Amino acid sequence: MTPLYSRTNPFPGKMLVNRRVNEGNRNKETRHHEISLTGSGLTFEPGDSMAVYATNDPPLVEEIIRALGATGDEIVPAGKNETAPLRQALLRNYAITTPTPKFLKAIVERASAAPLLEELLRPDHKHDLQVYLWGMEVIDFLLQHPSARFTPGEFVGLLTKLQPRLYSVASCLRVYPDSVHFIVDVIRYESHGRLRKGVASTFLAERCHDQPVPVFPSVAKHFHLPEGDADIIMVGPGTGIAPFRAFLQERRAVGARGRNWLFFGAQRGSGD
């Protein structure tokens, strides 16, 4: 029997809990999410990840449409043998933040003048190009080079497919059989006078109260608990505590008698 939900047909989860867990830290926003999996039949183990199929930020989509001089209703390619209105394709199908090499080359070719970018695209300037592009997005180049004109179809042809983001599961099914939990740092920062947003982290934080959270599990081959009562040391200064939260829940649920040490890094002991 073919599973109802798959990587190409993710389950439309429902956001049950969206809570900030570090109210005392102005410089960092970390959120606890609980997403209902009721009726999905999806399974996972502590150590696995869950793919989140996010959509892009609607205000950014509208700004790109305006910069193109389009209406958003133009029909464009949206995947293999698929088409969609430009607005829907930019929301759901394409990565619209990081500029691709094809897009940058097209800007140089079509803009009336882009001497700096043209020089940086030379093979011997790769490091300089990386430095220049830090904090720059597609919309910046569209606004800075209005003479570079693209039809909607040409524009999406210069983008890459919007990929799902993987988050470590922060819960175990023995304790929470009908949901999955995440612990997510929300990416927001200012660069070149603009607020930048992480696609999936702000999707979960801002845009899921009235729309589904499409998810599908991703198996981790080499990151699981040892069997039995072995002592474990969990170190997560970079990866965070999310997977170890699931580990501790699982150890308690199965009655494992081994000792557990958890080391993790946080900015402020009082608020994180």
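Values in this text are rule-based calculations from the coordinates and carry no lab data. All figures in this text were calculated on a predicted structure; none of them were measured in a lab. FYI the Cβ positions are ideal-geometry reconstructions off the backbone, even for glycines, and counts take in every protein chain you see.
Magnitude of the charge dipole for the chain, about its Cα centre and with charges confined to Cβ atoms of Lys, Arg (+1) and Asp, Glu (-1), is about 380 debye.
Evaluated over the chain, the count of Lys pairs having alpha-carbon atoms less than 16 Å apart is 5 (only pairs 8 or more residues apart or interchain). Rounded, prolate or oblate for the stretch 109-171? Axes are the square roots of the Cα gyration tensor eigenvalues, ordered a ≥ b ≥ c, and the cut-off for rounded is a/c under 1.5. Oblate is the answer for the stretch 109-171, as a/c is 1.5 or above yet b/c matches or exceeds a/b. Taking only the C-alpha atoms of the chain, Rg followed by Dmax gives 21.7, 70 Å. GNM remark for the chain: springs join alpha carbons under 10 Å apart, and the peak mean-square fluctuation among E154, E119, E74 falls on E119. The listed peptides 169-178, 12-21, 219-228, ordered by packing as a protection proxy, come out as 169-178, 12-21, 219-228 (highest mean of other Cβ atoms within 10 Å first).
Report relative contact order for the chain in percent, whole number only (criteria: Cα-Cα under 8 Å, sequence separation at least 6). Normalised by residue count, the contact order of the chain is 31 percent.
Think of the stretch 189-253 as having a plus end and a minus end, set by charges on the Cβ of Lys, Arg, Asp and Glu; of F244, S191, F216, S191 sits farthest toward the positive end of this dipole. Would you mind telling me which residue in L158, L142, L262 has the biggest mean-square fluctuation in a Gaussian network model of the chain, where springs connect alpha carbons within a distance under 10 angstrom? Highest fluctuation among the options: L262. Equivalent ellipsoid of the stretch 58-156: semi-axes from √(5λ) of the C-alpha gyration tensor, largest first, are 25, 14, 12 Å. Note: relative contact order over the stretch 58-156, using C-alpha pairs below 8 Å and six or more positions apart, is 34 percent.
Comparing Cα centroids, the stretch 239-258 and the stretch 49-70 end up 37 angstrom apart.
Would you calculate a helix-derived [θ] at 222 nm for the chain, using -39,500 (n - 2.57) for each DSSP H run of n ≥ 4 and dividing by the full residue count, to the nearest 500? That calculation yields -7500 deg cm²/dmol at 222 nm.
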